[in-house]
Amino acid sequence: MTEGKGDGKAPLWLNERLRFIICFCGVFVCYFYYGILQETITRGEYGQGETKEKFRYATTLVFIQCIFNAAFAKILIQFFEGSRQDHTKNWLYGACSLSYLGAMVSSNLALQYVNYPTQVLGKSCKPIPVMILGVTILRKKYPLAKYLCVVLIVSGVALFLYKPNKGGSAMDEHQFGFGEMLLLLSLTLDGLTGVSQDHMRARYQTGANHMMLNVNLWSILVLGLGVLWTGEVWDFLGFADRYPSIIYNIMLFGLTSALGQTFIFMTVVYFGPLTCSIITTTRKFFTILGSVLLFGNVMSDMKWTGTILVFMGLGLDAKFGKMTKKTT
């Protein structure tokens, strides 16, 4: 008999599916607006005439973002989880924060050395290290359909975003080897982040808000020391004083980041880091697909192939999601 049938309660599977839909939509909506704000802040021109300036304080922006995330998580804990104790070890939060920040830095540095297709493939393959390290370190087991699902989604996103070089040059100029090593490092750190989150979730039953709070507190510590050591924070304050209109966008940026990360950690806690990485990987695909459909741009055969592969992967993941839970 289905649990909850006849007693006025919704079936357990329905509650789980509704929770997944909320997490899925929350991540997409928040990070869609987050991306618009990020581009507005970082790529906009400030000032007039020859005195126009560019925003060059990315580390400080991430630092502010982490402050918003931590504050939002603290508020959620205060109002909804005031009596719940968190027994997760602090060193696990620190390790998770370091791997997360290291993955972001490595990925950004890699863009200086590798071409666009290589960078896309690297960013699209994030679910792979999560699965590999989950199997090798945590001894997790996934059904064959889950592996096929991840491969289809990664392949589809890569095909959709791939832009052939039409400039006529034989190869892009970059230092071969170093950029690829940075991408590999970024992917490995992404996998380690997923493994540490999985370990906290399985062993300590770490709540989404506690995970969000403590990971961001560690990130604030690391980034705070970084921006103070480089002096970037003082340059940023001078920039904000010259162009106070940017403060409003940064506040909205921090708010959408906090809301989006809340849904991210909810997904990690309830569905695991692999499902979370699948959602975040496909987010960019759906954002670009929506733009293409809204503005009537022509889709190439390669892009349609990528579209079909992604939807096939998502369909398999939805169908076999319960099998994954039973085997982990």
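Scan Gly272, Gly207, Gly260 and give me the residue that is under 20 Å from the mean Cα position of the chain (by Cα), open to solvent by less than 40 Å² (accessible area, probe 1.4 Å) and at positive phi.
Gly272
Regarding Val292, is this residue surrounded by fewer than 17 Cβ atoms within 10 Å (Cβ to Cβ), more than 23 Å from the chain's Cα centre (by Cα) and at pLDDT below 85?
no
Within segment 66-96, how many residues turn out to be open to solvent by 50 Å² or more (accessible area, probe 1.4 Å), over 28 Å from Leu189 (Cα atoms) and not in a helix (DSSP H, G or I)?
4
Quick grid of which residues meet (1) surrounded by 15 or more Cβ atoms within 10 Å (Cβ to Cβ); (2) closer than 14 Å to Gly254 by Cβ; (3) in contact with a Gly (Cβ under 7 Å, 6 or more places away or on another chain):
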site: Cys23; (1), (2), (3): yes, no, no
site: Val27; (1), (2), (3): yes, no, yes
site: Phe32; (1), (2), (3): yes, no, no
site: Thr40; (1), (2), (3): no, yes, no
site: Glu45; (1), (2), (3): no, no, no
site: Thr51; (1), (2), (3): no, no, no
site: Arg56; (1), (2), (3): no, no, no
site: Thr60; (1), (2), (3): yes, yes, no
site: Ile64; (1), (2), (3): yes, yes, yes
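Being open to solvent by less than 60 Å² (accessible area, probe 1.4 Å), at pLDDT below 75 and touching a helix residue (DSSP H, G or I) at 6+ places or on another chain (Cβ under 6 Å) is the filter here, so list the residues in segment 162-200 that pass it.
The answer is Gly179, and nothing else.
The values are calculated or read from the model by the stated rules, or taken from the named source; none is laboratory data. Quick caveat, the model's predicted, so the values are computed rather than measured. Here Cβ is always computed from backbone atoms with ideal geometry, including for glycine, and neighbour counts include all displayed protein chains. Heavy atoms of the whole protein, side chains included, go into the accessibility calculation; ligands, DNA and RNA do not. Shrake-Rupley method; radii C 1.70, N 1.55, O 1.52, S 1.80 Å.
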